[in-house]
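Quick notes on the structure that follows.
Here, each number is a calculation from the coordinates, and none is a lab measurement. Note that this is a predicted model, so its numbers are computed, not measured. Here Cβ is always computed from backbone atoms with ideal geometry, including for glycine, and neighbour counts include all displayed protein chains.
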Amino acid sequence: MREKMWIFQTADNPKCLFSVWNQWCLYYAAVACLLLSPVRTEDVCPSSCVCARESGTVTCRDGEDTEVPGDIPEWTTTLILKGRNISTLQRGAFMSNGTELEMTTLLLSYNGIQVIEPYAFLGLPRLHRLDLSHNQLESISARAFHGLPELHSLILNHSILPRATEQLSSALSPQSLRNLHRLELAGNMLKYIPLVRLDMYNLRTLVLINNSIESIGGENVTVLYQQRNIHVFLSLNPFRCTCELEAFYYWLKNSSQCPDAGRLLCSEPEAKMGVPVVKLRAEDVDCMNENLEAVSYVFLGIVLALIGVVFLMVLYLNRGGIKRWLNNIREACRDQMEVYHYRYEQDSDPRLANVAV
């Protein structure tokens with residue numbers, strides 16, 4: 001009844017009818033604008049990816065794409081790219097339309113990445129964790145990790161090919177990784193620690209498992225004594241248990257900074273193969289004993305040489321007397337031989353034999 005009365009009232013009042021008409025027009029215009037307006041890029045999920053805006057995670061797995069998706073939402077905090085065919089990380093590969101992202105975690109394992117160009121991670125100033133494990137890195141630019149001032153964890157397990165080993169030291173510069181707390185380099189056939197100086201980083205964990213490290217130099221051991229907060233994992237390395245390992249051996253004995261110290265085994269010499277490094281005796285790696293033994297042999301050789309020189313000098317100084325002595329011996333021998341010769345002739349002459357009879 002009220003609705004009918006309202007309709008009649010509006011019909012009788014043209015001003016009221018015009019007002020209602022305007023409201024309906026504005027309503028339909030707003031709906032049309034919403035339907036026809038372009039969708040914001042920050043709300044678009046990249047093709048072949050799964051987006052979870054609540055957690056800020058974008059996951060892209062097992063695709064044939066050769067480049068990083070260019071339409072990464074601005075709200076992304078965790079990006080997972082796995083099983084792709086991304087051979088090269090180009091400069092600014094993760095910048096979305098030229099703008100920086102608030103991303104904190106970037107996982108890029110198993111993508112067949114071979115080359116990291118300079119400033120590849122430009123536009124990720126808040127990145128805390130970067131995982132590049134299980135790739136095939138052949139070339140790493142010295143400025144590959146520039147633009148990552150907040151990076152705390154860098155994972156490069158089973159990724160560094162021999163060609164890139166020498167480039168790794170330049171890429172891991174303290175200028176670009178000054179806040180690095182954890183560095184993982186397992187399974188890369190490294191023969192040394194690829195860091196300029198351990199005390200130039202804020203490292204707390206260094207993982208060097210399953211490499212080709214035979215010894216840790218005295219310089220690094222000194223720094224390890226000073227950096228009490230760092231923990232180094234070194235199992236599955238072929239340690240050469242000789243005198244060169246002395247400083248490292250005592251560090252293992254006196255420090256708890258190597259959590260897997262009990263699993264460090266000797267590979268050389270053959271007599272110590274398979275023996276845990278911490279189970280060695282002090283004399284096995286005592287450089288002083290080896291040096292003393294070497295010095296003793298040298299000293300013995302010098303003494304024998306001096307004795308020989310003295311003997312030769314004595315002979316030289318007494319050459320006249322020795323010559324006379326030799327002549328006397330020769331004359332005595334000659335006289336003795338003549339006596340034997342004379343007796344032999346008498347015994348052999350038959351006439352002298354008859355006379356004797």
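What does the C-alpha gyration tensor say about the overall shape of the stretch 79-169? Classify as rounded when a/c is under 1.5, otherwise prolate if a/b is larger than b/c, or oblate. Since a/c reaches 1.5 and a/b is larger than b/c, the shape of the stretch 79-169 is classed as prolate. Sparse packing (at most 13 other Cβ atoms within 10 Å of the Cβ) combined with a DSSP loop state is found for the following trypsin sites (Lys or Arg not before Pro) in the stretch 205-295: R228, R281.
Ordering 51-57, 187-193 by mean Cβ neighbour count within 10 Å, with the highest value first, yields 187-193, 51-57.
Please find the FRET efficiency linking I307 to M273, where r is the Cβ-Cβ separation and R0 is fixed at 45 Å, and quote it to the nearest 0.05. It comes out at approximately 0.60. The ranking of C241, C45 by Cβ neighbour count inside 10 Å, starting from the fewest, reads C45, C241.
Taking other Cβ atoms within 10 Å as a rough exposure proxy, D284, D65 sort from fewest to most as D65, D284.
Rank these for me by crowding, T165, T222, going from fewest to most other beta carbons within 10 Å.
On the way: T165 17, T222 14.
Ascending number of Cβ neighbours within 10 Å: T222, T165.
Going by a ≥ b ≥ c, the root eigenvalues of the Cα gyration tensor, does the stretch 42-286 fall in the rounded group (a/c under 1.5), the prolate group (a/b larger than b/c) or the oblate group? Prolate.
Taking the Cβ of L108 as the center, what net charge do the other residues with Cβ under 10 Å away carry, scoring Lys and Arg +1 and Asp and Glu -1?
+1
Neighbours of R182, meaning other residues whose beta-carbon lies under 10 angstrom from its beta-carbon, give a summed charge of +1 when Lys and Arg score +1 and Asp and Glu score -1.
Full extension of the chain segment joining N318 with T222 gains 28.4 nm, where the gain is 0.36 nm per residue of separation less the Cα-Cα distance. For the stretch 168-183 and the stretch 81-101, write down the distance between their C-alpha centroids in whole Å. The stretch 168-183 and the stretch 81-101 have Cα centres spaced 21 Å from each other.
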